[in-house]
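Structure first, then comments.
The values are calculated or read from the model by the stated rules, or taken from the named source; none is laboratory data. Keep in mind it's a predicted model, so treat the numbers as computed, not measured. Counting neighbours? That spans all protein chains shown, and the Cβs are built from the backbone with ideal geometry, glycine included. These area figures cover heavy atoms from the full protein model, side chains too; ligands, DNA and RNA do not enter into them. Shrake-Rupley method; radii C 1.70, N 1.55, O 1.52, S 1.80 Å.
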Amino acid sequence: MTFYEILDRVGSMGPFQFLCLTLLSLPILGMANHHLLQIFTAMTPVHYCRPPPNASAGPWVLPIDPNGKPEKCLRFVHLTNTSLLNGTQGATEPCLDGWIYNSTQDSIVTEWDLVCDSRKLKQLAQSLYMAGLLIGGLVLGYLSDRFGRKIILTCGYLMLAAGGSGAAFSPSFSIYLVCRFLSGFGTAGISLSTIILSVEWVPTRMRAITSSVLGYSYTIGQFFLPGLAYAIPQWRWLQLTVSVPYFIFLLLSWWIPESIRWLVLSGKSSKALKILQQVAAFNGKKEEGQKLSLEELKLSLQKDFSKAKATNSTADLFRIPILRQVTFCLSLAWFATGFAYYSLAMGVEEFGVNLYLLQVIFGAVDIPSKLVTFLSINYLGRHITQTTALFLGGGIIMALIFVPSDMPTLRTALAVCGKGCLSSSFSCLFLYTTELYPTVIRQRGMGIGNVWARIGSMISPLVKITSEVKPFLPNAIYGTVTLLAASAAFFLPETLNRPLPETVEDMENWYSRTKKPKQKPEAENASQRIPLQPCRPGLDPN
């Protein structure tokens, strides 16, 4: 008896799975708010130097920059309106008395003057949030395999709620940075545990559906953010509004059970049996649950249990050949997806379109994107879906090189399509990675993948600096890396309708069968052998 047969006996897709999926999906609605929050909380409005306190009454003429626009970071030393109005040019100096902002919406930029020489600090805040995701994915991935999925999920809710709320009350920019890092750290734990729990509690045929439900939850959350930002122009209140709900999710996580697979493979069969009986009662199969015994559970999973006693560390991802190949290909795919995705998602101010409207459009494109992804991974398979999404995303970014900046509509349309393709890549990667790694090291594999995605998202803003050398360089780099990732994804095996591997040995056996050519019977081969001509090889299932 396999784990799936046991799951079918207690109800593999009953009310319990619906409740569990709902409780896991609700927090994902707010994930987009935190990932993209700085689009609105760090808006940079039109600004210019504040005149000194002893300056005469205006109006003031501002210095002109090389592009023919009013200078934002310099002012004339002698502010006498007569000379300035007559067009007399004098010496300039930095904005020693601060700035005046033409905006009714405050942000961390206006509160802490993150402009001119301090403008890089704005990007630092987003980078530290991504650093939290990076380190959290690495640390919490290991802790989840050691202490369980549920406790990491609960801690993730607590850290995101505390970090987000703390950022709203930050008395200084330094405290704000610390809170943003903590928020990112907690978000990583939520992402990892949510994906694992949603997949391990449902049968093989439902994995793609549950993955799509989580993906659409994130998509719907993107619609909330511009509406909230428009209704709440104060950045502190906006920050608090998107953070407080996670205290509620922390309480609701009590209803989410631990992964049965992890409990059994960790030697906690008694607790696993108790949870299975509770699930059976919740699904209306109490009698079936009572028939299960501890001996039956151990006997049915004895093979997998004995194999899992071998210690698997993160080093095994690079030491064991099959894991090394999968890890390399998936790491490049994760890196390129995060690298290119956030170059488009966080660059909405560059397209010259209304910020709130463009964010809604960017969120709306995920709906058809995820629908196509859902159909593709179910009928065409994970392999072709992942490869195609990366190839199209990279190709569209490369196409942006040839569209001039005076065609904002076309550039925006291409950016929206590219973002949709990269969103499809993310959706497929979460499911694909979960299915490729065995249970005993799955969470660490997911953690490594998320690490590379966060490294890509952290490096992405820095690449834009290369535009000072050549304007087309950033898109050339984004596109090239994404196309290379598409090539690497081509070497990954298909997992459609395959059971989740429990151990590394299961993965090696399964992978060798998928790569082994189909051989015809010897008698048939002999009867069809033609001299001086090679036998036609069997078709590779990939």
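Each of Leu192, Gly132, Ser170 was scored by the projection of its Cα onto the charge dipole of region 129-210, and the greatest displacement toward the positive side belongs to Leu192; charges sit on the C-beta of Lys, Arg, Asp and Glu. Subtracting the Cα-Cα distance of Glu508 and Lys470 from their residue separation scaled by 0.36 nm leaves 9.0 nm. Between Arg50 and Lys291, the modelled label-to-label distance comes to 7.7 nm, taking each label 7 Å out from Cα in the direction of the beta carbon. Rounded to the nearest 10 square angstrom, Ser376 shows an accessible area of 20 square angstrom against a 1.4 Å probe. Couplings 3J(HN,Hα) for region 364-372, derived from phi with the Karplus relation 6.51 cos²θ - 1.76 cosθ + 1.60 (θ = phi - 60°), are 5, 5, 5, 5, x, 4, 6, 5, 4 Hz, where x marks Gly and Pro. Once both labels are positioned 7 Å from their Cα atoms along Cα-to-Cβ, the gap between Thr104 and Gln278 label points is 5.1 nm.
The HN-Hα couplings worked out from phi for region 429-439 by the Karplus form 6.51 cos²θ - 1.76 cosθ + 1.60 (θ = phi - 60°) are 4, 4, 6, 4, 5, 4, 7, 7, 8, x, 4 Hz, whole numbers, x standing for Gly and Pro. Taking Met13, Met159, Met507 and ordering them by how much accessible surface each has at a 1.4 Å probe, largest first, produces Met13, Met159, Met507.
The relative contact order of region 151-267 comes to 39 percent, based on Cα pairs under 8 Å that sit 6 or more residues apart.
Which whole-number value in Å² is the accessible area per residue of region 165-211, probe 1.4 Å?
Counting only protein heavy atoms, the per-residue value for region 165-211 is 26 Å².
Only Cα pairs under 8 Å and 6+ residues apart enter the sum, and on that basis the relative contact order of region 139-185 stands at 35 percent. Applying the Kirkwood pairwise sum to the alpha-carbon positions of region 224-281 produces a hydrodynamic radius of 14.5 angstrom. Near the amide H of Arg75, within less than 5 Å, lie the amide hydrogens of Glu93, all on another chain or at least 5 residues away, with H placed in the peptide plane.
D by Stokes-Einstein for region 101-240, Kirkwood Rh over Cα pairs, 25 °C, 0.890 mPa s: 147 µm²/s. Computed with every protein chain present, the accessible area of Glu288 is close to 60 Å² [probe 1.4 Å]. Along its three principal directions, the equivalent ellipsoid of region 400-469 from the Cα gyration tensor extends over semi-axes of 33, 16, 6 Å, largest first.
The H on the amide N of Trp99, modeled in the peptide plane, is under 5 Å from the matching H of Arg50, each at least 5 residues off or on a different chain. A 1.4 Å probe over all protein chains sorts Phe249, Phe224 by accessible area into Phe224, Phe249, starting with the largest. Distance cut-off 30 Å, Cα to Cα: go down the list Lys72/Lys419; Lys271/Lys370; Lys72/Lys464 and report the pairs above it. Beyond 30 Å: Lys72/Lys419; Lys271/Lys370.
Modelled label positions at Thr92 and Tyr379, each set 7 Å beyond Cα in the direction of Cβ, lie 6.0 nm from each other. Put simply, the amide H of Leu37, placed in the peptide plane, has no neighbours under 5 Å, leaving out anything fewer than 5 places away on its chain.
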